[in-house]
Amino acid sequence: MAGHDDRYVEITTRLRSMRSFCDFLSQGGTVRVALSDGEPYKDVTAVLIERNRREAEALARTRRQLYPDLADEDVTPPLYSRH
């Protein structure tokens, strides 16, 4: 991990997570919430896909601006980087 600061790793990890979540939802995953106890569940999958895609695009832009010399997938963070 030498040469990559924690901020780059954080952005990359968040971006991968958001993209994976969007992929999961796009392949048939659903998210349903009830606005209050006893209310029927409402499907909010489409809203979450759109929101997460926008956030992922913004993160990707930020990463490219802050780290233009690094490719999009240069870092694979370790599972446990600190204890």
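The values are calculated or read from the model by the stated rules, or taken from the named source; none is laboratory data. Being a predicted model, the structure only gives us computed values, none of them experimental. Virtual Cβ from ideal backbone geometry, glycine too; neighbours counted across all protein chains shown. Surface accessibility is based on the protein's heavy atoms, side chains included, excluding ligands, DNA and RNA. Shrake-Rupley method; radii C 1.70, N 1.55, O 1.52, S 1.80 Å.
Filter the range 1-17 down to the residues that are without any contact (Cβ under 8 Å) to a residue 40 or more places away in the chain and either open to solvent by 100 Å² or more (accessible area, probe 1.4 Å) or small (Gly, Ala, Ser) (or both) and list them by number.
ALA2, GLY3, SER17 - these are the residues of the range 1-17 that are without any contact (Cβ under 8 Å) to a residue 40 or more places away in the chain and either open to solvent by 100 Å² or more (accessible area, probe 1.4 Å) or small (Gly, Ala, Ser) (or both).
Look at ARG82 and say whether it is out of contact with any Cys (no Cβ under 9 Å at 6 or more places or on another chain), modelled with pLDDT of 90 or more and open to solvent by 90 Å² or more (accessible area, probe 1.4 Å).
When the stated conditions are applied, ARG82 does not pass them.
Quick check on the range 18-71: of everything there that is part of a loop (DSSP other than H, G, I, E, B) and small (Gly, Ala, Ser), which residue is least open to solvent (accessible area, probe 1.4 Å)?
Applying the filter and picking the extreme gives GLY29.
Look at the range 1-17 and say how many of its residues are in a loop (DSSP other than H, G, I, E, B) and either at positive phi or touching a Ser or Thr at 6+ places or on another chain (Cβ under 9 Å) (or both).
Count: 3.
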